[in-house]
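The values are calculated or read from the model by the stated rules, or taken from the named source; none is laboratory data. Predicted model only: the values in this text are computed from it and were never measured. A quick note on method: Cβ atoms are made from the backbone with ideal geometry, for glycine too, and the neighbour counts reach across all protein chains shown.
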Amino acid sequence: MEPPHKTEPDLRTRLVDVGVELLAEQGVDALTLREIARRAGVSHGAPRRHFPTHLELLSAIAHRGFTELAGRVTSALGDAAPRTRLRELSRAYLEFAFERPGMYELMFRHDLLESGHLRLRDTSLPLFGVLVELVARVRPDADARAVAGALWANLHGLAQLWRWGSLQLATGSDDFTPLLATVLDAHVGPEAGR
């Protein structure tokens, strides 16, 4: 009996895999159809059979990132109190941004993506919904969507400034944890017992 063959991913999956790898190596600007096709070992026109536009391929790559981030968030949440879960969600978000900077940048570049067409919103908006739900449980007196939006913007800014080295220079610290605690305190109040 012959051993089972390891099946090669279909071209659509391979193009996304190559795009994810290229993004990790060189960032958003390297994600051209021609380079992805070259690395996948196909003609530069071949991706168009699966992705009629460059934006659709970028959206499929970003979808992979949202799926990964959703997995990290789910793993981080656990069964703790809402304030602790909010801290862990925020930490998972920041760690994703630090570890996967190219993917992180692409995911939130809605100016580059066709998020409605490829259902990116079906992945990204539920993540925001988790944030809104936790904020509502911690701050029932507030407009949870507005507070969650402000918190997300603050986390995004923290991630960006940290990646650029600006916050380390300004604060003299190589630990983002105190900044994260301050951000959370500012938006949802101090953690009990602290």
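Taken together, Ala148, Ala159, Ala170, Ala142 contain a single residue that is closer than 19 Å to Leu77 by Cα and among the small types (Gly, Ala, Ser), which is Ala148.
Identification of helices (runs of 4 or more DSSP H) wholly contained in the range 45-133 with 2 or more residues that are without any contact (Cβ under 8 Å) to a residue 12 or more places away in the chain and either farther than 21 Å from Ala159 by Cβ or assigned by TED's automatic domain parsing to the domain that holds Asp143 (or both) yields 54-77.
Only a single criterion out of (1) exposed (fewer than 13 other Cβ atoms within 10 Å of the Cβ); (2) at pLDDT 95 or above; (3) farther than 28 Å from Glu25 by Cβ; (4) among the hydrophobic types (A, V, I, L, M, F, W, C) is not satisfied by Leu169, namely (3).
Within the range 22-68, restricting attention to residues that are exposed (fewer than 14 other Cβ atoms within 10 Å of the Cβ) and of a type in the set (Asp, Glu), the residue that is farthest from Phe108 (Cα to Cα) is Glu25. Looking only at residues of the range 135-194 that are charged (D, E, K, R) and part of a helix (DSSP H, G or I), we find that the one that is farthest from Phe96 (Cα to Cα) is Arg137.
So that you can scan it fast, the table gives a plain yes or no per residue for (1) exposed (fewer than 12 other Cβ atoms within 10 Å of the Cβ); (2) under 13 Å from the mean Cα position of the chain (by Cα); (3) more than 28 Å from Leu55 (Cβ to Cβ):
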{"position": "Arg121", "(1), (2), (3)": "no, yes, no"}
{"position": "Val130", "(1), (2), (3)": "no, no, no"}
{"position": "Leu134", "(1), (2), (3)": "no, no, yes"}
{"position": "Pro140", "(1), (2), (3)": "yes, no, yes"}
{"position": "His156", "(1), (2), (3)": "no, yes, no"}
{"position": "Gln160", "(1), (2), (3)": "no, yes, no"}
{"position": "Trp164", "(1), (2), (3)": "yes, no, no"}
{"position": "Ala181", "(1), (2), (3)": "no, no, yes"}
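Taking Arg38, is it under 24 Å from the mean Cα position of the chain (by Cα), among the basic types (Lys, Arg) and modelled with pLDDT of 90 or more? No.
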